[in-house]
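Engineer: Here it is, the structure, as structure tokens.
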Amino acid sequence: MLLELSEIFKWVTTGGNRTYLLKGINIEVQEGEFISLMGPSGSGKSTLLNVIGMLDHFDEGVYHFLDEPVQNLKEKHRIELYKKYIGFVFQSYHLMDDLTVYENIEMPLLYQKYSSSERKALVADMLDRFNIVGKKNLFPTQLSGGQQQLVGIARALISKPKLILADEPTGNLNSKQSEEIMQLFKKLNEEDGVTIIQATHSEANASYGSRTIHLLDGRMVKG
Amino acid sequence: MIKHNLLLFFRNIKKYKTTFFINLIGLSSGLTCVLLIALWVVDELEVDTFHENTVYQIWNKFETPEGTRVMTWTPPVLPDAMLAQLPEVIYATAQTLPEWYKNTPLRVNGKTTKASGIFAQKDYFTIFSYPLIEGSKNQVLTDINTIVISESLAKKLFGSPEAAIGKAIEWDLMKTQATHQVSGVFKDIPSNSTTQFDYVLPFEAWKNAIIHSGGEINWVSNNPATYIVLKEGTDAKEFASKIEGFSKLQNEDVTADLVMTKYSSNYLYGNFKNGKQVAGRMDYVYLFSVIALFILIIACINFMNLSTANASRRLKEIGVKKALGSSRKTLILQYFSESILTSFIALLVACILTIIMIPTFNDITGKSLSFELDLVKTGLVLSIVLLTGVLAGSYPALHLSRFNPVSILKDQLKSSWSELWIRKGLVIFQFSLSIVLIIAVLLVSLQVQYVQSKSLGLDKDNVIYFGEEGRLKQHKKAFLEEARKIPEIVNIATTSQNIIGADINMTAGMVWSGDQEERRSRFNELRIGHDFIETMGMVLKEGRAFSKKITTDSTSIIFNEKAIKMMGLDTPIGHTVRYGDIDYTIIGVLEDFHFKSLREEVNPMFFRLENKKRSSELVARIAKGKEEIALTKLAKAYSQFNPGYSFDYTFLDSDFQAQYVAEQQVNKLSKYFAGLAIVISCLGLFGLATFTMERRRKEIGIRKTLGQGKTQITLLLSSEFVKLVGIAILIGLPISFMLSQNWLSGFAYKIDIKLWHFLSAGVITMGIALITVITQTITASNKNPIEALQQE
């Protein structure tokens, strides 16, 4: 088992009233799964992804990641955990505008213990694999949206994570680009065994997954 | 990682060039200022500190009806008495003041050279650390027939220091001529010594010369300065209070108490108040240190302000980095290293600027500073830079790195109120400082102008004076006759002393109503030749000046107004006063004239006709515009009487100006510094305006689509900054009012502070600030709103 969420609650308090963002979430994820989170805006998809990705805390419940109780971990330890096992892909890519494609992809490695030659090899591999060797010296603004997202995915994959969390990865792309990205995810899942959890609006994108979880107002509902 | 951060740093610079250059210009000019001022301050503090012994100066303190007076002049017999009677004193010497025998003639093989000399006792070179090249320090002045000369004088006269030893030099001072053998050569006096001289003669020779010219050597004749060195372990304070009445015990006629100060402190604490040493130049050391600090703070504020603004732009970077697994520590480190790196770049620029500007700076300050970094200075500079970097980087490093990456990336982070207030507060602070500096400059320059244009009670322009040397003494009358024949010389006369610069002789013992208590009042006294009052352009208020035709004028006396007021005489003319067992009749009252700096009140003063035996100075008034020809003719006449002598003269005006050197330096420097302060402040304001406009683009876009006009928007945007500067002015004005009152209180004659001084400074500041922001606000309000809205 890769991760397990049980009875996760998250809320914000405004003027004495609690507004629930997540309400009693129970999910088990096995390695190699491809899960789609669906639901309208504000249903809690992103919040859930952030909680799974340990970027956001939750208020109640138990979260085990590779049998480690996340809620009890110190921040330093939590960072260690997610930078080793989790990669993020964002809707608006969040590439560093001031860094080249090459440097963007290299970035996560800088926060782990890799020698410079190892980093070189890993980035070269990744550029090769995504067919963007020719673009390695360009800056993100010089690329199309689809290409930017490709770089975003490459960056997420560079540290060989077990889990990719993708928040509306095709939200800013046209349908052709979307399809290419989704195909890529599918390939990663099937061939490399990377576990993927994506949040999406689109039924079409969700259909690439092996399982779909529907969310509404922070609750899981039966599709 | 380091390479990565460096890349981000440099690309950020490239992207936000304006911000970076504002930072760089502001910070480096601020640092340049600090470096220059630091060099100056260190140099000031080091004046006279190179002596190995702790040398103390003994002063005479007189109680007079006008208050306590402390004077350099002490009894010539004092040093020996102290040495003999006080076991704490291990060395003591008398020393004549360097200004007495400035540019005096020395003759070697019939050739005359002019140099400045002092007379001192045998331990002089043991007490003071003026290193000797030739001769040993406890030998050179033991014999009365010796002379010790400086290295450059030795080279000039004999070619080298070695060659000088044993050679004969003839000197001619106070009507005494004598030939002495060179017994030693000292290294040239360093420029950071307040006592400057080219040769030293034994004090015994001076005593002989005084006696020879009719003077006395005793406890009531006060002439040379006295310096002593105390036995190690002596409590100086205790000793000082012990010796207070020392002279009075030696002789019942002595009225002076003794005051002791550290010789090395005299330069910076040169003023006395109620017999206690108080600050003098030290005030300027403080002033400039504070200015340097202010300018550095202003530059740092810019840096901080702009880096916070810049950091908010880089929030996304922080978010992404955190999401990718960067720890907070890494981010903190990154931001600190960035700001420290920027300060170091600024330091580099500042060092170059400092080196370029040192010659100009030396010109203005009259110093010979050089940019040499020793260990202490390097440490000081590095810590200043480090501190600047840490200060500037603290906000992004500590505050921004704390945020949750999710909220950053979702753009949920609104800049907090506290952040906004800090930024505004910093701008207010900056401009408050600027306005204080502007007002300071305004008042200093007005005061200096006032001082220079104030009616002095005499006409200081076109007057020269020169010493009575060589054969001039015997043939004074003939020389005066000769000089009067030169048509370009308006008037010429003799006087016992030059009236400006050196302290005019002080005397007591005047009785004007028969009360013997009056003897204690102290007057300045000048013994003058005929025509002196006319030559100097002094104004008679009542009565007449001395006249050649009236033979009884040898017992006539002229007072200044101040003296008449002090003596309380209603009808002074014809009144008889008694001085030195002679009755003098008052024949005239002079309008008060300023012979001292305007810092000081005019003293009571009187004039008597020259006692023919004494040596004196000559003053001459030259016709306007004929200076050159008059001086050539005068020099010719002079050389007829004194072949081989060079004719050295000084303009009274330049002596007068020299009294205000400090003020003039402050005036010039403060102009530069205040200008710099406001430029740096404006740079900061400009940067902030740019940043604000960028942030408010959407708001401006919405306003425009809703139909608000350009002018209205420009006004709206500008008013925000006007408010800030307005608050700064309100804070700055009272502070500068208090400061300027304080500074002006040091002058006996000063300008009145007027409201318009402050208002105009406020208006100028506001104007400059407005010009700075208005270009930005106009550009912002001219932008197409669609652009702004689309990008959101």
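Engineer: Lys pairs in the stretch B:500-605, Cα-Cα under 20 Å, at least 8 apart or on separate chains: how many? Intermediate values should be presented prior to the final figure.
Structural biologist: Details: B:Lys541/B:Lys562; B:Lys541/B:Lys565; B:Lys562/B:Lys596; B:Lys565/B:Lys596.
Going through the stretch B:500-605 pair by pair, I get 4.
Engineer: With label points built 7 Å along Cα→Cβ from the Cα atoms of B:Asp583 and B:Ser547, find their separation and express it in nm.
Structural biologist: A separation of 2.2 nm, rounded to one decimal place.
Engineer: How long are the three semi-axes of the equivalent ellipsoid of the stretch B:568-670, in whole Å, if each is the root of 5 times an eigenvalue of the C-alpha gyration tensor, listed from largest down? Each step should come with its number before you reach the end.
Structural biologist: Values: eigenvalues 212, 139, 35 Å².
Values for the stretch B:568-670, descending: 33, 26, 13 Å.
Engineer: Kindly rank B:471-481, B:440-450, B:766-776 from highest to lowest mean number of other beta carbons found within 10 Å of each residue.
Structural biologist: On the way: B:471-481: 16.2, B:440-450: 19.5, B:766-776: 18.0.
Per-residue Cβ counts within 10 Å, averaged per peptide and sorted highest first, yield B:440-450, B:766-776, B:471-481.
Engineer: Would you mind checking the pairs B:Lys316/B:Lys424; B:Lys460/B:Lys671; A:Lys74/B:Lys698 and listing those with alpha carbons more than 32 angstrom apart? Intermediate values should be presented prior to the final figure.
Structural biologist: Details: B:Lys316/B:Lys424 24 Å; B:Lys460/B:Lys671 28 Å; A:Lys74/B:Lys698 40 Å.
As for pairs spanning more than 32 Å Cα to Cα, those are A:Lys74/B:Lys698.
Engineer: A follow-up question, please. Volume per residue, Å³, of the convex hull around the alpha-carbon atoms of chain B?
Structural biologist: Output value, Cα hull per residue: 212 Å³.
Engineer: Pairs A:Lys10/B:Lys321; B:Lys61/B:Lys476; A:Lys162/B:Lys329; B:Lys262/B:Lys754; A:Lys186/A:Lys222; B:Lys175/B:Lys242: which are spaced more than 31 Å apart, C-alpha to C-alpha? Could you put the intermediate results ahead of the total?
Structural biologist: Values: A:Lys10/B:Lys321 25 Å; B:Lys61/B:Lys476 37 Å; A:Lys162/B:Lys329 26 Å; B:Lys262/B:Lys754 41 Å; A:Lys186/A:Lys222 24 Å; B:Lys175/B:Lys242 39 Å.
Among A:Lys10/B:Lys321; B:Lys61/B:Lys476; A:Lys162/B:Lys329; B:Lys262/B:Lys754; A:Lys186/A:Lys222; B:Lys175/B:Lys242, the Cα-Cα distance tops 31 Å for B:Lys61/B:Lys476; B:Lys262/B:Lys754; B:Lys175/B:Lys242.
Engineer: Sticking with this one: To check you understand DSSP bridge types, tell me what percent of the beta bridges within chain B (both residues inside) are antiparallel, rounded to 5.
Structural biologist: Working: 69 of 88 bridges.
Given both bridge residues lie in chain B, the antiparallel proportion sits at roughly 80 percent.
Engineer: In the calculated pair distance distribution of the stretch A:1-141, what percentage of Cα-Cα distances lie above 24 Å? Numbers along the way, then the final one.
Structural biologist: On the way: 4542 of 9870 pairs.
More than 24 Å apart: 46 percent of the Cα pairs in the stretch A:1-141.
Engineer: Please state, rounded to one decimal and in Å, the Kirkwood hydrodynamic radius that the stretch B:193-251 gives when every pair of distinct Cα atoms enters the mean of 1/r. Mind showing how you got there, number by number?
Structural biologist: Details: mean 1/r = 0.0682 Å⁻¹.
Hydrodynamic radius (Kirkwood, Cα pairs) of the stretch B:193-251 is 14.7 Å.
Engineer: Can you give the percent of C-alpha pairs in the stretch B:463-657 whose distance is more than 25 Å?
Structural biologist: Working: 7207 of 18915 pairs.
So the portion of pairs separated by more than 25 Å is 38 percent.
Engineer: Would you mind calculating the gained length between B:Val290 and B:Lys14 on full extension (0.36 nm times residue separation, minus the Cα-Cα distance), in nm to one decimal? Can you show the working numbers first?
Structural biologist: On the way: separation 276, 0.36 × 276 = 99.36 nm, distance 3.50 nm.
The span from B:Val290 to B:Lys14 would gain 95.9 nm if fully extended.
Engineer: Would you mind giving the mean number of other chain beta-carbons within 10 Å of the Cβ of each residue in B:396-405, as a whole number?
Structural biologist: Working: counts 0, 0, 0, 0, 0, 0, 0, 0, 4, 6.
Rounded to a whole number, the mean comes out at 1.
Engineer: Considering every residue in B:677-689, what mean count of other chain Cβ atoms within 10 Å of its Cβ is obtained? Could you put the intermediate results ahead of the total?
Structural biologist: On the way: counts 0, 0, 0, 0, 0, 0, 0, 0, 0, 0, 0, 0, 0.
Per residue, the average neighbour count from other chains is 0.
Engineer: In addition: Report, in debye and to the nearest 20, how large the dipole of the stretch B:463-657 comes out about its Cα centre when Lys and Arg carry +1 and Asp and Glu carry -1 on their Cβ. Working shown, then result.
Structural biologist: Numbers: 28 positive and 29 negative charges, 135 e Å.
Around 660 debye, computed over the stretch B:463-657.
Engineer: What's the FRET efficiency of B:Leu333 with A:Ala121 using the Cβ-Cβ distance as r and R₀ = 25 Å, to the nearest 0.05? Intermediate values should be presented prior to the final figure.
Structural biologist: Values: r = 27 Å, r/R0 = 1.08.
With a Förster radius of 25 Å, E is 0.40.
Engineer: Next question, about the same structure. Helix-only mean residue ellipticity at 222 nm, chain B, DSSP H runs n ≥ 4 weighted -39,500 (n - 2.57), per residue, nearest 500. What is it? Let's see the in-between values first.
Structural biologist: On the way: 25 runs with 389 residues, N = 792.
So the calculated ellipticity at 222 nm is -16000 deg cm²/dmol.
Engineer: Considering the options B:Ala205, B:Ile165, B:Ala94, tell which one lies farthest towards the positive end of the dipole of the stretch B:55-266, charges being +1 on Lys and Arg and -1 on Asp and Glu at the Cβ, about the Cα centre.
Structural biologist: Sorting the options by dipole projection puts first B:Ile165.
Engineer: Would you mind telling me the antiparallel percentage of the DSSP bridges in the protein assembly as shown, rounded to 5? Please list the in-between numbers first.
Structural biologist: Numbers: 88 of 125 bridges.
Just about 70 percent of them are antiparallel.
Engineer: A follow-up question, please. Give the Kirkwood hydrodynamic radius (Å, one decimal) of the protein assembly as shown, defined as one over the mean of 1/r across all pairs of different Cα atoms. All intermediate terms of the calculation are to be shown ahead of the outcome.
Structural biologist: Working: mean 1/r = 0.0278 Å⁻¹.
Result for the protein assembly as shown stands at 36.0 Å.
Engineer: Sum -39500 (n - 2.57) across every DSSP H segment of at least 4 residues in chain A, then divide by the residue count to get the 222 nm mean residue ellipticity, nearest 500.
Structural biologist: Working: 7 runs with 78 residues, N = 223.
Result for chain A: -10500 deg cm²/dmol, rounded to the nearest 500.
Engineer: Here's a follow-up. Rounded to the nearest 0.05, what FRET efficiency do A:Leu73 and B:Gln657 give with R0 = 56 Å and r taken as the Cβ-Cβ distance? Could you check? Spell out each step's value before the answer.
Structural biologist: On the way: r = 78 Å, r/R0 = 1.39.
The pair A:Leu73/B:Gln657 has a calculated efficiency of 0.10.
Engineer: Relative to a virtual label point 7 Å from the Cα of B:Asp515 in the Cα→beta-carbon direction, which members of the stretch B:54-98 show backbone nitrogen distances below 20 Å?
Structural biologist: B:63-69
Engineer: A further question follows. Given a Förster distance of 41 Å, report the FRET efficiency between A:Ala204 and A:Lys84 from their Cβ-Cβ distance, rounded to the nearest 0.05. Could the numbers behind the result be given before it?
Structural biologist: Working: r = 32 Å, r/R0 = 0.79.
Computed FRET efficiency for A:Ala204 and A:Lys84: 0.80.
Engineer: Expressed in nm to one decimal, what extension gain is obtained for the pair B:Leu398 and B:Ile771 from 0.36 nm per residue of sequence separation less their Cα-Cα distance? Write down the numbers at each step before the final one.
Structural biologist: On the way: separation 373, 0.36 × 373 = 134.28 nm, distance 3.46 nm.
That pair, B:Leu398 and B:Ile771, stretches by 130.8 nm at full extension.
Engineer: Let me ask something else. How would you rank B:93-104, B:578-589, B:113-124, B:293-304, highest first, on the average number of other Cβ atoms within 10 Å across their residues?
Structural biologist: Values: B:93-104: 19.8, B:578-589: 16.3, B:113-124: 22.0, B:293-304: 23.8.
Ranking the peptides B:93-104, B:578-589, B:113-124, B:293-304 by packing returns B:293-304, B:113-124, B:93-104, B:578-589.
Engineer: Another one. For B:Asp374 and B:Ala168 in one chain, what is 0.36 nm times their gap in residues minus the Cα-Cα distance, to one decimal in nm? If you can, show how the numbers build up before the last one.
Structural biologist: Numbers: separation 206, 0.36 × 206 = 74.16 nm, distance 4.31 nm.
Gain on stretching B:Asp374 to B:Ala168: 69.9 nm.
Engineer: Here's something else I'd like to know. With both bridge residues required to lie in the stretch B:463-657, what share of the DSSP beta bridges run antiparallel, to the nearest 5%? If you can, show how the numbers build up before the last one.
Structural biologist: Working: 27 of 37 bridges.
In the stretch B:463-657, DSSP labels about 75 percent of beta bridges as antiparallel.
Engineer: Provide a whole-number value for the mean count of partner chain Cβ atoms within 10 Å of the Cβ atoms in peptide B:322-332. Write down the numbers at each step before the final one.
Structural biologist: Numbers: counts 3, 13, 16, 16, 6, 6, 3, 1, 2, 0, 0.
Averaged over the peptide's residues, the number is 6.
A short reminder: the numbers here are calculations on the coordinates, not readings from a lab. Keep in mind that what you see is a predicted model, and the values were worked out from it rather than measured. As a convention, Cβ positions derive from the backbone with ideal geometry for all residues, glycine included, and neighbour counts pool all protein chains shown.
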